[in-house]
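Peer 1: Shown below is the structure under consideration.
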Amino acid sequence: MEIDIVAIVIGVVVGVAAGGGIVYLLLNSLMKKRSTGILRKAEAEGEAIKKEKILQAKEKFLQMKEEHEREAREKDKRIQQGLEKHKHREQQLSRQQQELSQKEKALASAKQDLDQRMQGIEVRRQEVEKAHEKQVAQLERISGLNAEEAKKQLVDSLRDEARTGAMALVKDVVEEAKLTANKEAKRIVIQTIQRVATEHAVENAVSTFHIENDEFKGRIIGREGRNIRALEEATGVEIVVDDTPGAIILSCFDPVRREMARLALHQLVKDGRIHPGRIEEIVAKTKKHLEEEILEIGKRTCIDLGIHGLHTELIRMVGRMRYRSSYGQNLLQHSRETANLCATMAAELGLNVKAAKRAGLLHDIGKVPEDEPELPHALLGMKLAEKYGEKPDVCNAIGAHHDEIEMTSLLSPIVQACDAISGARPGARREAVEQYIKRLKDLESIAMSYDGVSKAYAIQAGRELRVMVESDRVTDGEADSISMSIADRIQTEMTYPGQVKIVVIREKRSMAVAK
């Protein structure tokens, strides 16, 4: 029984072992098949990835090849352009060398010709000297005197004649002076009276603004001077606030600017609110009002003189004459006087009175344009008259009243004569003021010629030039460069006393509106 149990146990063990071996073999076979499938799948995926990478590499290679070819073509194009430029320069140098060679040949030929002429001149000079010596020797032999003795006798004779003539001339001058002394004295007295009687009350560069309370001076100056700086920048007028009681000085060579500053100050003092924003608003309104007033003055002047059909721009220029002066005279008053004189002369001569009056009124419009081109005012006035449809005889009278062009109309000498009667009185000329104004205008013109400059004002009698530049177009470094460049041009192109300080102002303003 025990043997059977052992045998059974052994049989069970052997069976379990055999079953385990069979199971192991089956599992091993199954795992091998599964790993073979996984390996095949992995190989297939790897092959696909490999092909994809190869395709990507090929595409990248083709792209790099195309870029390289494009760069190579561009380099070839640049090289070709460089070769063409080099070839063009070689051709230019060759032409210049040929021209230089031709010039050298011409100079050599001219030098040779000059040498030959100099040799001929030297030969003729020697011949002339020999002939002169021969003639002098012959004269000495005939007269029995040598050259020095003859020269001395001639000088003595001329000296005696000159002394006699001079004494006679002095005697005549003294006699004439005695006869004309009374007439000359009267003429000098009349000229003196005319000089004294000439009205010189019109100031050409300074106006005075009167205020009732000196406390307003501090408000006009503002904190750290910001109000007065804003007012000067907006109007282009130098404002001098000193210890003078009840007065502020407005200094500017342009009378229209001075009037605009005076009216703006009056409005600011009357309103009481003085700050940079309000100043800019008042100056803008004042400028518009002043333009309207100028147009109204022009219209009223034309109505008073009976002149009709003038272009609006010519009427505006006539109004601007109210704020200009000509050699110490108000330009509008001078033009009105000239127009009336022209009408009187034309009526006496039987000419067109209206055309003469028109030419007399417009003869100085070349002094009041805003752009101030570099032309004589007579020619500029003629061009403006032609531009705005005036008749040829009127245009010629305007352009010829200072003899810049030929007179082709009978009105021209009339306008010239009446202009002289009204404006060329003894003592009326003030050349120094005209030169001073021209110097200030030249300073501003030099500054405005630079790119990025928005405004330029010559102040302090031309000793300072303030230049406002646009902050979005000019940097701080460029502002320094502009100031130095303007200083160099002023030194080389202008003549002026003392020194001129150039101040370039670059300011950035940001503004927004809350609604």
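Peer 1: Just to be sure I understand the filter: pairs with C-beta atoms under 6 Å, separated by 6 or more residues or on different chains, first member in the stretch 233-245 and within 14 Å of Leu263 (Cα to Cα), second member among the small types (Gly, Ala, Ser). Which pairs pass?
Peer 2: Close Cβ pairs satisfying both conditions: Thr235/Ala261; Val237/Ala261.
Peer 1: Give the residue, chosen from Ile437, Ile421, Ile446, that is of a type in the set (Val, Ile, Thr), at pLDDT 90 or above and in a helix (DSSP H, G or I). Walk me through how you get there before you give the answer.
Peer 2: Working: Ile437 fails: at pLDDT 90 or above; Ile421 fails: at pLDDT 90 or above.
When all the criteria are applied, what remains is Ile446.
Peer 1: Suppose we keep only residues that are surrounded by 17 or more Cβ atoms within 10 Å (Cβ to Cβ) and of a type outside the set (Val, Ile, Thr) within the stretch 453-477. Which one would you say is modelled with the lowest pLDDT? Working first, answer last.
Peer 2: At the first step, the residues of the stretch 453-477 found to be surrounded by 17 or more Cβ atoms within 10 Å (Cβ to Cβ) are 453, 456-459, 462, 465-469, 474.
Filter again for of a type outside the set (Val, Ile, Thr), leaving 456-458, 462, 465-466, 468.
Numbers: Ala456: 92, Tyr457: 91, Ala458: 90, Gly462: 80, Leu465: 91, Arg466: 92, Met468: 92.
Per the criteria, the residue is Gly462.
Peer 1: A further question on this structure: Got a sec? Which of Ile274, Ile315, Ile307, Ile303 is closer than 30 Å to Tyr436 by Cβ and either in contact (Cβ under 8 Å) with a residue 40 or more places away in the chain or in a helix (DSSP H, G or I) (or both)?
Peer 2: On the way: Ile274 fails: closer than 30 Å to Tyr436 by Cβ; Ile307 fails: closer than 30 Å to Tyr436 by Cβ; Ile303 fails: closer than 30 Å to Tyr436 by Cβ.
Among Ile274, Ile315, Ile307, Ile303, only Ile315 is closer than 30 Å to Tyr436 by Cβ and either in contact (Cβ under 8 Å) with a residue 40 or more places away in the chain or in a helix (DSSP H, G or I) (or both).
Peer 1: Here's another thing I want to ask about it. Working only within the stretch 449-476, note down all residues that are in a helix (DSSP H, G or I), in contact with a strand residue (DSSP E or B) (Cβ under 7 Å, 6 or more places away or on another chain) and not acidic (Asp, Glu). Write out each step before concluding.
Peer 2: First, pick out the residues of the stretch 449-476 that are in a helix (DSSP H, G or I): 460-462, 476.
Restricting the remaining residues to those that are in contact with a strand residue (DSSP E or B) (Cβ under 7 Å, 6 or more places away or on another chain) gives 460, 476.
Passing the criteria: only Gln460.
Peer 1: Same structure, new question: Let me confirm something: among Ile249, Ile228, which residue is assigned to a helix (DSSP H, G or I), in contact (Cβ under 8 Å) with a residue 12 or more places away in the chain, open to solvent by 20 Å² or more (accessible area, probe 1.4 Å) and among the β-branched types (Val, Ile, Thr)? Write out each step before concluding.
Peer 2: Working: Ile249 fails: assigned to a helix (DSSP H, G or I).
Ile228 is the lone residue from the list that is assigned to a helix (DSSP H, G or I), in contact (Cβ under 8 Å) with a residue 12 or more places away in the chain, open to solvent by 20 Å² or more (accessible area, probe 1.4 Å) and among the β-branched types (Val, Ile, Thr).
Peer 1: Take Glu292 and tell me if it is farther than 30 Å from Arg358 by Cβ, of a type outside the set (Ser, Thr, Tyr) and part of a helix (DSSP H, G or I). Show your work before the answer.
Peer 2: Working: farther than 30 Å from Arg358 by Cβ: no; of a type outside the set (Ser, Thr, Tyr): yes; part of a helix (DSSP H, G or I): yes.
When the stated conditions are applied, Glu292 does not pass them.
Peer 1: Also: Go over the candidates Val240, Val269 one by one and state the one that is open to solvent by less than 60 Å² (accessible area, probe 1.4 Å), in contact with a strand residue (DSSP E or B) (Cβ under 9 Å, 6 or more places away or on another chain) and more than 26 Å from Leu440 (Cβ to Cβ).
Peer 2: Checking each option against the conditions leaves just Val269.
Peer 1: Considering only the stretch 341-373, how many residues are open to solvent by less than 40 Å² (accessible area, probe 1.4 Å) and not in a loop (DSSP other than H, G, I, E, B)?
Peer 2: Going residue by residue through the stretch 341-373, those that are open to solvent by less than 40 Å² (accessible area, probe 1.4 Å) are 342-343, 346, 355-356, 359-366, 368-369.
Still in the list and also not in a loop (DSSP other than H, G, I, E, B): 342-343, 346, 355-356, 359-362, 365-366.
The number of residues fulfilling the criteria is 11.
Peer 1: Another question about this same structure. What are the residues in the stretch 328-340 that are part of a helix (DSSP H, G or I) and surrounded by fewer than 21 Cβ atoms within 10 Å (Cβ to Cβ), if any?
Peer 2: First, the residues of the stretch 328-340 that are part of a helix (DSSP H, G or I): 331-340.
Gln333, Arg336, Glu337, Asn340, listed by residue number.
The values are calculated or read from the model by the stated rules, or taken from the named source; none is laboratory data. Everything quoted here is computed from the prediction, not taken from an experiment. In this analysis, Cβ positions are derived from the backbone assuming ideal geometry, glycine residues included, and neighbour counts consider all displayed protein chains. Accessible surface is based on the protein model in full, side chains and every heavy atom, while ligands, DNA and RNA are left aside. Shrake-Rupley method; radii C 1.70, N 1.55, O 1.52, S 1.80 Å.
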